[in-house]
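Please read the structure below before turning to the comments.
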């Protein structure tokens, strides 16, 4: 059973990108200033007297590096600020996810991927590509895997790396697309949640049956004893 | 390890045997000289042993493996097996060649070593795992041993592959794709654990990815506590086991894992009282330790929740504690482990282990030790005295001419009382009621039988001898046939069960404690006594053993009335408590008496009819500790 997620465009097949180890290493090297504490960014507005990371500005700078000829429009900045000011703490979560994602996207090893040359045809396409990846990671992966944990363990690094590649329309270059998809099904927190929920429901039903069976066996045993 | 592509011949799930079957011990024969092929293989595998040991740490030590050559083994279900009792690894080189895994010596040997140092590592852990697996399998008891071993295999293989750098993948690849759903699931789990592309080990075909994912999480979660994860593993495997048949309808390679072979009778200390053995297993998909934050799907999406927000309290803490295996379950677990001999032996081990914590100090009587002889002066030896008493040396010194009765002398011997004392224990004469109104101690926990075990083992521990007699209706008597120090014989009587009518063996009581003249002369059940072995010294009232005091104890219920009514069910109208055989016997025994009764309510009625006997009631498990406490207090009062 293959479970779909919101990271990939079903109409576009994944293409080989950098190796998984390359992306995982980049994630492991995430600088500390890209890993603010939970709630530290708030709704994105500056707080007097406290050091503040403006996620929208950082992402915007990354976009400028990725697409040197591009124009940072006021509309783009406004979109990012709106995106990062979602209520209920979601804005903070998205901003922290975007800080890490933009760090990974800025990896030269990723940008040197041959197949991306066909995608990153110009500043506008590159910006769209990067913003799409950032928004997918922020809205699909971050809610199920806390961004601050992305660089912390091998398992979270692998899941994050695969998610970044999928959001970019890629799969690890050292795997086939089929293997990458199968592996993603086993490492994705979201997919695992769905699978475990189904198994849990099945297990509950089985437990009910087992209880009934055990009660029946107990009754039979009691009947045997009473006939001694 | 499993046996690769070969197929077993076990029964199908539908034809499950009633008793869980353990793997029989392989039959080994005298080694034959190796040909060059086997000699080279033996040398290679011997050389691989240190490296295999090194996979488990620099300080791991184990005796070298037993490498069986061509034709030395028959009946082995795999090319490798282990025995926790022998602490030994065995390899069938013939099967190694047959499977073509001669180049994987380190992986195979390290795996078998893992059973000794990691999972199960000892018989108690193996027993706890088996008990949990039985609960998880619900109605597939006969698969308990197999599943237990498979769970250990998964833990060991994952550790070797991921932490010790042993090439388990290569070994599995060499063994070829699995047959049957169980092995497919196991190998798919390994693929997930080891980040292998799907189908690398499990081969082509449909795969149970969801179950494999949850098993992968289970393996990592319980890597440090094999017994706790075994039940959940069994729950996941159960539906696969039920339908695990090959294309031909027979069993699959799941019958042929790396096997555990133990010798019948190997003890499993601690299993009977293991408080976690009956902890209800939790399906891994419902186990917070396994699914972690994924279980709280509603909360996990909350952005303000930290990475630990989904952690839930350990289910173990909320589990009921203190439940232990019943004697029947205990026997079944031993059977699965391959160490059981029979139900009676299992019950004996169960009650001995439970009684150990309740044993009381049995009193002893201090008596002077044997008198010592002192040499005295010389007395005249007169005609008529024993010629052997003449002290010839003294006689010749007194006169070279010997005149009998005149010059002959004999040495006078004095005696003195020893300053040493001997502690004489009070022997125990134990009567156990096994009529139909009593619980069968071999199948269900019987507090009353445990009380009997406490009495008997306490006496044996103090150096006393015990005569244990199990009785029910007329002619239904078994026991030690005299006083003995053989604990097994005594415990056999404690767990014996007739389930018949109730008639106390008065003749045996009289024969044991009363002189011929004091006996009532009644003939009854003793005339047709059936004994379970004659290991003890038959102790009638006049035997030398009579010199030691005895304590008479009776384990019974309301049927104890027959002890005071000459075998009848009710007391006669002219009942006189002091003249009954039981009363006279306890007076003659000199060590007091105890009635341990499985009755509800106050025991006043029995106290009145049994002068000289202390009466205890043990009807529930909670009564055992107060009983042991009161028994100790009373015994010391009676015998101090």
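Under 36 Å from the mean Cα position of the chain (by Cα) and within 14 Å of chain A (Cβ to nearest Cβ), is that true of residue B:216? Yes: the conditions hold for residue B:216. In this structure, does residue B:226 turn out to be away from chain A (no Cβ under 14 Å), buried (at least 21 other Cβ atoms within 10 Å of the Cβ) and touching a helix residue (DSSP H, G or I) at 6+ places or on another chain (Cβ under 9 Å)? In short, yes. Restricting attention to the range B:593-630, the residues being closer than 23 Å to residue B:441 by Cβ and in contact with a strand residue (DSSP E or B) (Cβ under 7 Å, 6 or more places away or on another chain) number 17. Being away from chain B (no Cβ under 11 Å), out of contact with any helix residue (DSSP H, G or I) (no Cβ under 7 Å at 6 or more places or on another chain), farther than 30 Å from residue B:162 by Cα and modelled with pLDDT under 95 is a description that does not apply to residue A:127. In the range B:75-93, the condition of being farther than 22 Å from residue B:148 by Cα, modelled with pLDDT under 90 and part of a helix (DSSP H, G or I) is met by no residue. Within the range A:81-95, restricting attention to residues that are within 9 Å of another protein chain (Cβ to nearest Cβ) and at pLDDT 85 or above, the residue that is nearest to residue A:60 (Cα to Cα) is A:94. Within the range B:422-435, the presence of a residue that is free of Cβ contacts under 8 Å to residues at least 60 places away in the same chain, more than 30 Å from residue B:479 (Cβ to Cβ) and away from every other protein chain (no Cβ under 14 Å) is excluded.
Just checking, how many residues over the range B:337-362 are touching a strand residue (DSSP E or B) at 6+ places or on another chain (Cβ under 8 Å) and on the phi < 0 side of the Ramachandran plot?
Total meeting the criteria: 2.
The number of residues in the range B:127-157 that are within 14 Å of chain A (Cβ to nearest Cβ), part of a helix (DSSP H, G or I) and surrounded by fewer than 23 Cβ atoms within 10 Å (Cβ to Cβ) comes to 2. Looking at the range B:170-180, is at least one residue more than 21 Å from residue A:182 (Cβ to Cβ) and free of Cβ contacts under 8 Å to residues at least 40 places away in the same chain? Among the residues of the range B:170-180, not one is more than 21 Å from residue A:182 (Cβ to Cβ) and free of Cβ contacts under 8 Å to residues at least 40 places away in the same chain, which makes the answer no.
For the range A:1-34, a residue qualifies if it is over 30 Å from residue A:57 (Cβ atoms), at pLDDT 90 or above and within 14 Å of chain B (Cβ to nearest Cβ), and the qualifying residues are A:19, A:20, A:21.
When residues in the range B:606-623 are screened for being over 21 Å from residue B:449 (Cα atoms) and modelled with pLDDT under 85, 0 of them pass. Of everything in the range B:372-386 that is surrounded by 10 or more Cβ atoms within 10 Å (Cβ to Cβ) and out of contact with any helix residue (DSSP H, G or I) (no Cβ under 9 Å at 6 or more places or on another chain), the residue that is farthest from residue B:406 (Cα to Cα) is B:372. Within the range B:161-213, the set of residues being part of a loop (DSSP other than H, G, I, E, B), more than 14 Å from every other protein chain (Cβ to nearest Cβ) and buried (at least 20 other Cβ atoms within 10 Å of the Cβ) comprises B:166, B:178, B:179, B:180. When restricted to residues that are more than 23 Å from residue B:215 (Cα to Cα) and within 8 Å of another protein chain (Cβ to nearest Cβ), the range A:180-216 contains 2.
If the condition is being over 16 Å from residue A:6 (Cα atoms) and either more than 9 Å from chain B (Cβ to nearest Cβ) or under 10 Å from the mean Cα position of the chain (by Cα) (or both), then the range A:159-179 contributes A:172, A:173, A:174, A:177. Scanning the range B:436-460 for residues that are surrounded by fewer than 22 Cβ atoms within 10 Å (Cβ to Cβ), more than 14 Å from every other protein chain (Cβ to nearest Cβ) and at pLDDT below 90 turns up just one, B:447. Checked against (1) at pLDDT 90 or above; (2) not assigned by TED's automatic domain parsing to the domain that holds residue B:100, residue B:10 passes all but condition (1).
For the residues B:264, B:257, B:269, the requirement of being modelled with pLDDT under 85, more than 9 Å from chain A (Cβ to nearest Cβ) and within 32 Å of the chain's Cα centre (by Cα) singles out B:257.
Restricting A:139, A:153 to residues that are out of contact with any helix residue (DSSP H, G or I) (no Cβ under 6 Å at 6 or more places or on another chain), buried (at least 17 other Cβ atoms within 10 Å of the Cβ) and more than 9 Å from chain B (Cβ to nearest Cβ) narrows the list to A:139. Might you check whether a residue that is in contact (Cβ under 8 Å) with a residue 60 or more places away in the chain and within 14 Å of the chain's Cα centre (by Cα) occurs anywhere in the range A:191-201? Scanning the range A:191-201 turns up at least one residue that is in contact (Cβ under 8 Å) with a residue 60 or more places away in the chain and within 14 Å of the chain's Cα centre (by Cα). Taking helices (runs of 4 or more DSSP H) that do not extend beyond the range A:67-157, which have at least 1 residues that are in the same structural domain as residue A:34 (by TED's automatic domain parsing), closer than 22 Å to residue B:294 by Cα and more than 13 Å from the chain's Cα centre (by Cα)? Those helices (runs of 4 or more DSSP H) span A:90-105.
The values are calculated or read from the model by the stated rules, or taken from the named source; none is laboratory data. Worth saying up front: this structure is predicted, and the values here are computed from it rather than measured. Here Cβ is always computed from backbone atoms with ideal geometry, including for glycine, and neighbour counts include all displayed protein chains.
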